[in-house]
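Enquirer: Here's a structure for you.
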Amino acid sequence: MKVRRSDRLIDMTRYLLERPHTLVPLTFFSKRYESAKSSISEDLAIIRRTFAARQTGILETVPGAAGGVRFMPTIGQEEASNFITDMANRLSESDRLLPGGYVYLSDLLGTPEVLRQIGRLIATQYLDQSVDAVMTVATKGIPIAQSVSQYLNVPFVIVRRDSKITEGSTVSVNYVSGSSARIEKMELSKRSLKPGSGVLIVDDFMKAGGTVNGMRGLIEEFGANLVGISVFAEGKFAGDRMVSDYTSLIRVDDVDTKANTLHAVAGNYLDYNHELFGRLREQ
């Protein structure tokens, strides 16, 4: 049955938004709506302009017989900056500082809208890179990994500190916990990664970077490749971190244990991706 253009535009937009980084042939849309490819191309041009104007993402055209269109979600610099500022303000609220210098994040990382924006931010940074899997450690990093993996349309894998029988055979590494200087163990199912995979590490909070460094060691054990490291927040740390090349959305720059308060500011994400946002504005 023929479909009106307004209905096609709504359905095509929904279809593309739900399948990021997926190549969709024009013939698929043509058969779906019983419309000529020329009409489908015109519809896609409208969607492309709207996505670009709203900085929702890039609708890439892949030429050739096996080509089609691919939607790649992004976030604009202004929206990213506003979100990061809001998160920094909310992290600076009273009573977020927990014993041991930990920061309470469960309310933020349990909010769907916050997780969606975190996923868009991190996925935008790795727009041009080949990511085959997103890695995190149980448990607080799981919702972040799931959000990022959804926008990149790749699997996410969960590193655990204790073995689960449901994981089957595992690969384990010992690592030094940066905050306590203790030797600890983490492991990952052997089925989780293939050799040569490009892996993006994400986590909720980083202090010295010992846990992230342990995940980097696991990636090496699998013969995979580290694509990047992104964390929601980094804590104040006096010594040298075990990882240096990473991005953070938020940075805790002042902690007062007596008053039980902290102060958070924007992390290095916006500065790190300044050139990327410039290119996105020109799309």
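Enquirer: Before we move on, is residue 223 outside any strand (DSSP E or B) and either modelled with pLDDT under 85 or in the same structural domain as residue 198 (by TED's automatic domain parsing) (or both)?
Expert: Considered against the rule, which asks whether it is outside any strand (DSSP E or B) and either modelled with pLDDT under 85 or in the same structural domain as residue 198 (by TED's automatic domain parsing) (or both), residue 223 comes out as yes.
Enquirer: Looking at region 64-92, which of its residues are polar (S, T, N, Q) and either under 29 Å from residue 29 (Cβ atoms) or in contact with a helix residue (DSSP H, G or I) (Cβ under 7 Å, 6 or more places away or on another chain) (or both)?
Expert: 74, 77, 81
Enquirer: Looking at region 128-152 only, could you name the residues that are surrounded by 17 or more Cβ atoms within 10 Å (Cβ to Cβ) and closer than 21 Å to residue 196 by Cβ?
Expert: 131, 132, 133, 134, 135, 136, 145, 148, 149, 152
Enquirer: If you don't mind, another one. Looking at region 180-214 only, could you name the residues that are part of a helix (DSSP H, G or I) and either over 16 Å from the mean Cα position of the chain (by Cα) or at pLDDT below 95 (or both)?
Expert: 210, 211, 213, 214
Enquirer: OK, next. Inside region 256-283, can you point out the residues that are surrounded by fewer than 16 Cβ atoms within 10 Å (Cβ to Cβ) and touching a Gly at 6+ places or on another chain (Cβ under 9 Å)?
Expert: 257, 281
Enquirer: Another question about this same structure. Of these, 197, 192, 248, 230, which one is among the polar types (S, T, N, Q), surrounded by 13 or more Cβ atoms within 10 Å (Cβ to Cβ) and closer than 30 Å to residue 47 by Cβ?
Expert: Result: 230 is the single residue among 197, 192, 248, 230 that is among the polar types (S, T, N, Q), surrounded by 13 or more Cβ atoms within 10 Å (Cβ to Cβ) and closer than 30 Å to residue 47 by Cβ.
Enquirer: Can I ask one more? Anything in region 48-76 that is part of a helix (DSSP H, G or I) and either over 22 Å from residue 117 (Cβ atoms) or in contact (Cβ under 8 Å) with a residue 60 or more places away in the chain (or both)? List them, or say none.
Expert: Residues satisfying the conditions are 48, 49, 52.
The values are calculated or read from the model by the stated rules, or taken from the named source; none is laboratory data. Source: prediction; values computed, not measured. Using ideal geometry, Cβ is built from the backbone for each residue, glycine included, and neighbour counts are taken over all protein chains shown.
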